[in-house]
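Written out below as structure tokens is the structure these notes cover.
The values are calculated or read from the model by the stated rules, or taken from the named source; none is laboratory data. Because the structure is predicted, anything quoted here is derived from the model rather than measured. Cβ atoms come from the backbone with ideal geometry, glycine included; neighbour counts cover every protein chain shown.
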Amino acid sequence: MIRPLGREDRGPLRDLVVATGVFTDDEVEIALELIDIVLNDPGQKDYIIRVYEEGGKAAGYYCVGPTPATEGTFDLYWVAVDPALHGRGIGRALDDHACALIRGMSGRLVIAETSSLPRYGPTREFYRRRGYSEVAKIADYYRPGDDLVVYGKYLK
């Protein structure tokens, strides 16, 4: 089941993001900041978070939002799945749900950014398998040797 974020999800989602072993401490803090914005300001319109629940617990989540000053472009800020559940289609279900939600808001383009570091290889492969194309790369963006890789998917 995919549902809106609830207060009870904050701790489990933090643990899930840490358990992936991919994100830096700063990135974990950013994920929590976005979760807190959604939980503490229900009227805000910048971020939408949905949680994949399995067996009564958070097994994954995504965070999307409209890109300011664009018409129909949305950012996919986060998509993360409990590593113990990888390969079960949860990421695919989250991406399908996010794209349907975005289409329902007159969205036409989804942008996802990630790192070029080897530990992000599975993330880049996930985007490619899900129909995203690499649309840009900026060398040494995050730090020397760590490029920004930007993926885009047009919604039909």
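Report, ordered by the first and then the second residue, all pairs with beta carbons closer than 7 Å, sequence separation of six or more or different chains, a first member in the range 129-156 that is over 23 Å from residue 107 (Cα atoms), and a second member that is at pLDDT 95 or above and basic (Lys, Arg).
147/137; 148/137
Name the single residue, out of those in the range 114-143 being over 22 Å from residue 61 (Cα atoms) and among the charged types (D, E, K, R), that is nearest to the chain's Cα centre (by Cα).
134
Can you tell me which residue in the range 28-45 is farthest from residue 118 (Cα to Cα), limited to those that are within 15 Å of the chain's Cα centre (by Cα) and surrounded by 14 or more Cβ atoms within 10 Å (Cβ to Cβ)?
For the range 28-45, the residue satisfying everything is 38.
Condition check ((1) modelled with pLDDT of 95 or more; (2) small (Gly, Ala, Ser); (3) not in a loop (DSSP other than H, G, I, E, B)) across all residues:
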{"residue": "62", "(1), (2), (3)": "yes, no, yes"}
{"residue": "65", "(1), (2), (3)": "yes, yes, yes"}
{"residue": "71", "(1), (2), (3)": "yes, no, no"}
{"residue": "113", "(1), (2), (3)": "yes, no, yes"}
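Output the residues belonging to the range 124-145 that are part of a strand (DSSP E or B), surrounded by 11 or more Cβ atoms within 10 Å (Cβ to Cβ) and not hydroxyl-bearing (Ser, Thr, Tyr).
Answer for the range 124-145, where residues must be part of a strand (DSSP E or B), surrounded by 11 or more Cβ atoms within 10 Å (Cβ to Cβ) and not hydroxyl-bearing (Ser, Thr, Tyr): 134, 135, 136, 137, 138, 140.
Among the residues of the range 38-50, are any over 27 Å from residue 8 (Cβ atoms), charged (D, E, K, R) and not in a strand (DSSP E or B)?
no
Looking at (1) of a type outside the set (S, T, N, Q); (2) on the phi > 0 side of the Ramachandran plot; (3) in contact with a Pro (Cβ under 8 Å, 6 or more places away or on another chain), which one does residue 19 not meet, given that it meets all the others?
(2)
Inside the range 126-141, can you point out the residues that are farther than 23 Å from residue 87 by Cα and either small (Gly, Ala, Ser) or in contact with a strand residue (DSSP E or B) (Cβ under 6 Å, 6 or more places away or on another chain) (or both)?
Within the range 126-141, 135, 136, 137, 138, 139, 141 meet the criteria.
In the range 37-79, what count of residues is obtained for those that are more than 17 Å from residue 110 (Cβ to Cβ) and in contact with a Gly (Cβ under 6 Å, 6 or more places away or on another chain)?
Qualifying residue count for the region: 1.
Filter the range 93-113 down to the residues that are without any contact (Cβ under 8 Å) to a residue 60 or more places away in the chain, surrounded by fewer than 18 Cβ atoms within 10 Å (Cβ to Cβ) and under 15 Å from the mean Cα position of the chain (by Cα) and list them by number.
Hits for the range 93-113 are 96, 100, 101, 109, 113.
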